[in-house]
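Enquirer: The structure under discussion is supplied below as structure tokens; questions concerning it will follow.
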Amino acid sequence: MCSWLRVFKIRAVFCSVLGAGLVFLTGCAEPLIQVSGSVTVDGKPAEGAVLIFHPEVAEIPTVATAVTDANGKYQLVSDMNNGIRAGTYRVTATWRGPPKKTAQPTFGLGSDADLPDLLKGRYASKDTSGLTAVIEKSTVELPPLELTTKASRK
């Protein structure tokens, strides 16, 4: 056999194996689904609410997070990438009210993070918040999260 033909076959096999490996590696990571939603507190948009979506299965490696805008709307983010993986999640929420707009920089002193949770921790634990979400490949928008500052009646 000619040496150039043998080199050609070796390169063809190498490229096939390399290509199959790349397809395998990129095919394993499920794409993130672009999901949005909204949050109200006592019927009004909750600007600055912080949401964390905790996966119920270990196969989903990270949480997804969001912060609501002035209209109470949010977009989910996972590992600093827009979107969330398909799955079932327990949701936590905290809300310190709309962000304070100051003319002077605070340099970390007296920041909004120092303010109390106006929801009084009611939705802060994934085990007791009662908030859940199911994300499917076809999910685009989640139903609104309707939170309250009032004590629940039992």
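The values are calculated or read from the model by the stated rules, or taken from the named source; none is laboratory data. Just so it is clear, the structure is predicted and the values come from calculations on it, not from any experiment. Note: ideal-geometry Cβ built from the backbone for every residue, glycine included; neighbour counts use all protein chains shown. To get the accessible areas, we keep the full protein, side chains included, count just its heavy atoms, and leave off ligands, DNA and RNA. Shrake-Rupley method; radii C 1.70, N 1.55, O 1.52, S 1.80 Å.
Enquirer: Mind listing whichever residues of region 131-146 are free of Cβ contacts under 8 Å to residues at least 12 places away in the same chain and surrounded by 12 or more Cβ atoms within 10 Å (Cβ to Cβ)?
Expert: Within region 131-146, no residue meets the criteria.
Enquirer: If I ask for residues that are open to solvent by less than 40 Å² (accessible area, probe 1.4 Å) and touching a Pro at 6+ places or on another chain (Cβ under 7 Å), which ones from region 40-59 would you list?
Expert: 40, 48
Enquirer: Out of the residues in region 57-73 that are within 10 Å of the chain's Cα centre (by Cα) and not hydrophobic (A, V, I, L, M, F, W, C), state the one that is modelled with the lowest pLDDT.
Expert: Top of the filtered list is 62.
Enquirer: May I pose another question? Which residues, taken from region 60-77, are polar (S, T, N, Q) and surrounded by 20 or more Cβ atoms within 10 Å (Cβ to Cβ)?
Expert: Hit for region 60-77 is 68, nothing else.
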